[in-house]
Amino acid sequence: MALKLYGTAMSTCTSRVLTCFHEKSLDFELVPVDLFAGEHKQPPFLAKNPFGQIPALEDGDLTLFESRAITSYVAEKFKGTGYDLIRHENLKEAALVKVWTEVESHQYNPAIAPIVYQFLVAPLQGKSPDQSIIDASVEKLGKVLDIYEVRLTGTRYLAGDFYSLADLHHLPYTYYLMKTPAASVVNERPHVKAWWEDISSRPAFKKVAEGMKFGGK
Ligand code: GS8
């Protein structure tokens, strides 16, 4: 039975999982959830994720939510298929993948998400972007990326000289960030910029990015 992902391609967290599916060349079904109609707050979807957020995965009788937990499950379950995202044959490399996936979740995401929200989501809701939130978040993201710049001077990717789930998790938010004036925070750091150009040009992500349209852009 094919994997069923409930979500929408324009959502960063859904796209994170879709990118993982494509890296693993898996068959899946994307079941659309209409956020604008509030479908994610209705009982059928709340039964899949009681927090009322996309995405959710169904794999037979297993239901999961939280995009990063879903990608970890998929990468582990299909470790022998497609690209190895978790370095499952090397304990030390696998541990470094975990370290940098945690960094994305706890350092990178909290800094980047408000920037993307203010520039791209707020206007869709009829609000104008709050410049003070943008400025504070760009400063915070810059400090995180200073650390990435040093790291990426020594290794090609975050966990080592191999692309992994740690890099993949950064793709959707950074893709949207690069469409905003705050893209300079990446472009000003040469190793971060080269890393971004490398990971965003992988065929698996390019396929997903085609569906990542915000307000028609
Ligand atoms: C966040 C899910 C999330 O914010 C994850 O899956 O990684 N930590 C979770 N989903 C957003 C769409 S973002 O792409 C969502 O469902 N927003 C609607 C809402 O919160 O009401």
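The values are calculated or read from the model by the stated rules, or taken from the named source; none is laboratory data. From a predicted model like this one, the values you see are computed outputs, not experimental measurements. With ideal geometry, Cβ positions are generated from the backbone for all residues, glycine too; neighbour counts draw on all protein chains shown.
Filtered by the rule that a residue be of a type in the set (D, E) and in contact (Cβ under 8 Å) with a residue 24 or more places away in the chain, region 176-201 gives a lone residue, D198. Among the conditions (1) surrounded by 13 or more Cβ atoms within 10 Å (Cβ to Cβ); (2) part of a strand (DSSP E or B), E29 misses just one, which is (1).
Pick from region 1-24 the residues that are part of a loop (DSSP other than H, G, I, E, B) and over 18 Å from the mean Cα position of the chain (by Cα): which of them is nearest to the ligand (Cβ to nearest atom)? Before the answer, list the steps.
Within region 1-24, the subset part of a loop (DSSP other than H, G, I, E, B) is 1-2, 8-11, 24.
Next, only the ones that are over 18 Å from the mean Cα position of the chain (by Cα) stay: 1-2.
Working: M1: 22, A2: 20 Å.
Only one residue tops the list, namely A2.
Of the residues making up region 147-162, at least one is away from the ligand (no atom under 16 Å from the Cβ), within 23 Å of S25 (Cα to Cα) and charged (D, E, K, R).
Results for (1) in contact with a helix residue (DSSP H, G or I) (Cβ under 8 Å, 6 or more places away or on another chain); (2) exposed (fewer than 13 other Cβ atoms within 10 Å of the Cβ); (3) within 14 Å of M212 (Cβ to Cβ), shown as yes or no for each residue.
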position: L5; (1), (2), (3): yes, no, no
position: A9; (1), (2), (3): yes, no, yes
position: T14; (1), (2), (3): yes, no, yes
position: S25; (1), (2), (3): no, yes, no
position: V33; (1), (2), (3): yes, no, no
position: A37; (1), (2), (3): no, yes, no
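Looking only at region 39-52, residues that are surrounded by 16 or more Cβ atoms within 10 Å (Cβ to Cβ) and more than 9 Å from the ligand (Cβ to nearest atom) come to 3 in all. Condition test on L30, is it modelled with pLDDT of 95 or more, more than 26 Å from K206 (Cα to Cα) and of a type in the set (A, V, I, L, M, F, W, C)? Criteria not met by L30.
Could you give me the residue pairs with C-beta distances under 9 Å whose first residue belongs to region 118-133 and is farther than 15 Å from L35 by Cα and at pLDDT 95 or above, whose second residue is among the small types (G, A, S) and in a helix (DSSP H, G or I) wherever it lies, and which are 6+ apart or on separate chains? From residues that are farther than 15 Å from L35 by Cα and at pLDDT 95 or above, the pairs are Q118/S137; F119/A182; S128/A122; P129/A122; D130/A122. Considering (1) out of contact with any strand residue (DSSP E or B) (no Cβ under 6 Å at 6 or more places or on another chain); (2) closer than 25 Å to Y175 by Cα, the lone condition that F45 does not fulfil carries the number (2).
Cβ-Cβ distances below 8 Å connect the following pairs, each with a first residue in region 50-71 that is over 19 Å from V103 (Cβ atoms), a second residue that is surrounded by fewer than 14 Cβ atoms within 10 Å (Cβ to Cβ) and modelled with pLDDT under 95, and a separation of six or more residues or different chains: D59/M1; G60/M1. Residues of region 158-201 that are closer than 22 Å to A75 by Cα and surrounded by fewer than 17 Cβ atoms within 10 Å (Cβ to Cβ): D161, D198, S200, S201.
Taking region 53-64, which residues are under 14 Å from S11 (Cβ atoms) and either touching a Gly at 6+ places or on another chain (Cβ under 7 Å) or more than 6 Å from the ligand (Cβ to nearest atom) (or both)? Please lay out each step first, then the result.
Taking region 53-64 as the starting set, the residues that turn out to be under 14 Å from S11 (Cβ atoms) are 53-57.
Matches in region 53-64: I54, P55, A56, L57.
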